[in-house]
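First the structure, in the form of structure tokens, and then the observations on it.
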Amino acid sequence: MVLPCFFLTFVADMEKTIDFKPKFFSAIKHYDKKTFMADLMAGVIVGIVALPLAIAFGIASGVSPEKGIITAIVAGMFISLFGGSKVQIGGPTGAFIVIVYGIIEQYGMQGLTVATLMAGVFLILLGVLRLGTIIKYIPYPIVVGFTSGIAVTIFTTQVKDLLGLTIASVPSDFVEKWVAYIYNIGTIDPWSAVVGIASVALIALWPMLARMFHLSPLKALPGSLVAIIAMTIAALLLKQFAGVTTIETIGDRFSINSTLPGAVVPELTWETIKGLVGPAVTIAILGAIESLLSATVADGVIGDHHNSNTELIGQGIANIASPIFGGIPATGAIARTMTNINNGGRTPVAGIVHAVVLTLIFLFLMPLAQYIPMACLAGVLVVVAYGMSGWRSFLAMARHNPKSDVTVLLLTFFLTIVFDLTIAIEFGLVLACLLFMRRMAETTDVHAVLNEIDLNADADMQAGSLEHLSIPDGVEVYEINGPYFFGAGSRFEDIMARYGSHPKVRIIRMRKVPFIDSTGLHNLENMCRMSQQEGVTVVLSGVNEKVDGVLRRNGFEQLLGDRNICSHIDQALQRAGEIVTEKTMATE
């Protein structure tokens, strides 16, 4: 009893200091039998749905099938216990296949374990620093681009098993993979291809077949599980009665172990940590995006609001626990979360039940997994890849969105396919930031005001002013509309070069400048000093209180003179008239 009491006290202390409020602890305060029965049913169904996916994701990621199930058990349990969503179901997902496979190829299983642990720490830091809401603002074209790219990559990795191709070593490069497939197309095993294609067809058509043949009790079973059962039985019958031995199964490639592993903390060295920072950050960002996206979708269905910071901390705890027990990275799974909701799950207890069901299956039925055909698992992942591709959203975005968004979309997509997810996300984020900066710069309009000023809608006019003010000879008026920051300075110089004719006074209206940054200050100061060197006096008009304070703190009062920083255009024109008169008298 001491450990649970200490643990609950620790969680309560965390809630007071950081934004950590797991939904599990609030949900069980008013828990009843009716809610438990609904969660129990949903948890059992989700556990059955998660089984084939966990096995398939584990194998496709380059690890043994039991590691996929261990991930679903351990991570699923911790995400439900400590997450910020009532209905989130966690475990291995298709999005991690590509990056996990790449890390194992380069750093081995030990490297993956360390990278996942580091990703867990990064996720916790994101939650502790209350950055959960910021993650949601990652540009949508990047999310669609790398998700579609991952889908294409997953499909590409499954072609060999789907068709039963005989290839000694499949290249890791995307283009080289397809070259190898085409070169070895004559080695297709017809029986494996039939199993693979039939699996895809059965999964796709299962809901319709269940209705057509009035199989209502079986309708709740996922098509992937039905396909695995049917194809496993078919492969066994073909081997027993038709002598077909070419259909490769999980047992032909892996040694099945149904023993729950103990906790093992890997050896951590500074060199290993430094080398794995990049992959760990990618795992953390991808896990954060997918889990918060899943939680947001779930909120829309059940009418609830998840706590994004708590969700990130929960995901971090899960990704620390999973590799310690031999698992791989995990995150919130949209398909399993929706299955949970559709079957009545409304509290994290359903996610805990799902983990318990998987544990029982792992302990007592795991040896049967050795008979599952590899072509069938490839078929399951082909369907997963199709669902991930979001090709309708991809095409709609490519057709109807601004060119800058389409550029980010396509670059992220092709970089994910040709290189890897780490490069795609990093490059996509940098490009999106640059394009955002460009758009923000374009929102600032700088123009010259010719002949007269229309005061009908002006906020910096005095009461009793005329509707129009004439601009006297020897005075130029320029107006800045929008933030005065990077990009605006060069545009201001271009406008002055186009319209400027060495006036005596240059008025700059800043009534619509909400703020000015250091780049804007630097550009404005340079322009003022250059004007002074040309004998032109600069007068600022309509400067709001916030911007005025920034200017005065940076010495503009001394640079221009206090009388030349005016609150409205009437005062600025009056001051300009005085300066023109003074300069005219001085030259006579």
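The values are calculated or read from the model by the stated rules, or taken from the named source; none is laboratory data. Note that this is a predicted model, so its numbers are computed, not measured. Positions of Cβ are backbone-derived with ideal geometry, glycine not excepted, and every protein chain shown enters the neighbour counts. Accessible surface is based on the protein model in full, side chains and every heavy atom, while ligands, DNA and RNA are left aside. Shrake-Rupley method; radii C 1.70, N 1.55, O 1.52, S 1.80 Å.
Based on the Cβ-Cβ distance from residue 553 to residue 265, what FRET efficiency comes out when R0 is 60 Å, to the nearest 0.05?
0.70
Quick one: accessible area per residue over the chain, 1.4 Å probe, rounded to a whole number of Å²?
Counting only protein heavy atoms, the per-residue value for the chain is 47 Å².
What do you get for trypsin sites (Lys or Arg not before Pro) in segment 219-279 restricted to DSSP loop and a cutoff of at most 14 other Cβ within 10 Å of the site's Cβ? Mind dumping the intermediate values first?
Working: sites: 219, 239, 253, 274; in loops: 219.
Here the trypsin sites (Lys or Arg not before Pro) that fit, given the DSSP loop and packing criteria, are 219.
Along the Cα→Cβ direction, 7 angstrom out, place labels at residue 587 and residue 140. What is the inter-label distance in nm?
Label-label distance for residue 587 and residue 140, simple model: 5.7 nm.
Kindly give the semi-axes, whole Å and largest first, of the ellipsoid equivalent to the chain, taking each as the square root of 5 times a Cα gyration tensor eigenvalue.
Gyration-tensor ellipsoid for the chain: 62, 28, 22 Å.
Please give the contour-minus-distance gain from residue 129 to residue 364: 0.36 nm per residue of separation, less the Cα-Cα distance, rounded to one decimal in nm.
80.3 nm
Hand me the GluC sites (Glu not before Pro) from segment 266-308 located in a DSSP loop with no more than 10 other Cβ atoms within 10 Å, in residue order please.
267
Report the calculated FRET efficiency for residue 208 and residue 229 (r = Cβ-Cβ distance, R0 = 25 Å), to the nearest 0.05.
For R0 = 25 Å, the calculated efficiency reads 0.85.
Say a paramagnetic label sat at a point 7 Å from the Cα of residue 392, along Cα to Cβ; which residues of segment 280-308 have their backbone N under 19 Å from it?
Correct set: 294, 297-298, 300-301.
Determine the gain in length on full extension of the stretch residue 470-residue 18; use 0.36 nm per residue of separation and subtract their C-alpha separation, reporting nm with one decimal. Let's see the in-between values first.
Numbers: separation 452, 0.36 × 452 = 162.72 nm, distance 5.94 nm.
Extending this stretch completely gives an extra 156.8 nm.
Rank by packing, highest mean first: peptides 139-146, 552-559, 346-353, with packing defined as the count of other Cβ atoms within 10 Å averaged across residues.
Details: 139-146: 22.4, 552-559: 14.1, 346-353: 24.6.
Per-residue mean Cβ counts within 10 Å order the peptides as 346-353, 139-146, 552-559.
For the chain, list the DSSP H helices whose alpha carbon atoms reach 15 Å or more along the long axis and whose average Kyte-Doolittle value is 1.0 or above? Intermediate values should be presented prior to the final figure.
On the way: long enough: 2-17 (23 Å, 1.04); 33-60 (40 Å, 1.69); 65-82 (26 Å, 1.43); 97-128 (32 Å, 1.76); 140-163 (34 Å, 1.13); 190-212 (30 Å, 1.49); 223-241 (26 Å, 1.87); 277-302 (37 Å, 1.63); 308-324 (25 Å, 0.39); 349-365 (23 Å, 2.70); 374-389 (22 Å, 2.07); 403-418 (22 Å, 1.72); 421-442 (31 Å, 1.47); 488-499 (17 Å, -0.48); 518-533 (22 Å, -0.88); 569-587 (27 Å, -0.22).
For the chain, where a helix must reach 15 Å along its axis and average at least 1.0, the hits are 2-17, 33-60, 65-82, 97-128, 140-163, 190-212, 223-241, 277-302, 349-365, 374-389, 403-418, 421-442.
Just by accessible area at a 1.4 angstrom probe, what is the order of 270, 206 from largest to smallest?
Largest accessible area first, the residues go 270, 206.
For the peptides 256-264, 508-516, what is the packing order when you average, over each peptide's residues, the other Cβ atoms within 10 Å and list the highest mean first? Write down the numbers at each step before the final one.
Working: 256-264: 12.2, 508-516: 20.1.
Listed from highest to lowest mean packing, they are 508-516, 256-264.
Counting only protein heavy atoms and a 1.4 Å probe, tell me what percentage of the chain's accessible area is made up of carbon and sulfur. Numbers along the way, then the final one.
On the way: 17590 of 27480 Å².
Exposed carbon and sulfur together represent 64 percent of the surface.
Report the charge-dipole magnitude of the chain in Debye, nearest 20, computed about the Cα centre from +1 at each Lys and Arg Cβ and -1 at each Asp and Glu Cβ.
1940
For the ranges 243-249, 196-202, what's the packing order if you count other beta-carbon atoms within 10 Å of each residue, average per peptide, and put the highest first?
Answer by packing, highest mean first, reads 196-202, 243-249.
Could you work out the Kirkwood radius for segment 291-447, taking every pair of different alpha carbons, averaging 1/r and inverting it, reported in Å? All intermediate terms of the calculation are to be shown ahead of the outcome.
Values: mean 1/r = 0.0509 Å⁻¹.
Radius from the Kirkwood sum: 19.6 Å.
Between residue 574 and residue 273, what is the label-to-label distance in nm when each label sits 7 Å out along the Cα-to-Cβ direction?
Once both label points are built, they end up 6.6 nm from each other.
Between residue 481 and residue 562, what is 0.36 nm times their sequence separation minus the Cα-Cα distance? Round to one decimal in nm.
Answer, rounded to one decimal: 26.8 nm.
Calculated FRET efficiency, residue 403 and residue 448, Cβ-Cβ r, R0 35 Å, to nearest 0.05?
Efficiency, from the Cβ-Cβ distance: 0.75.
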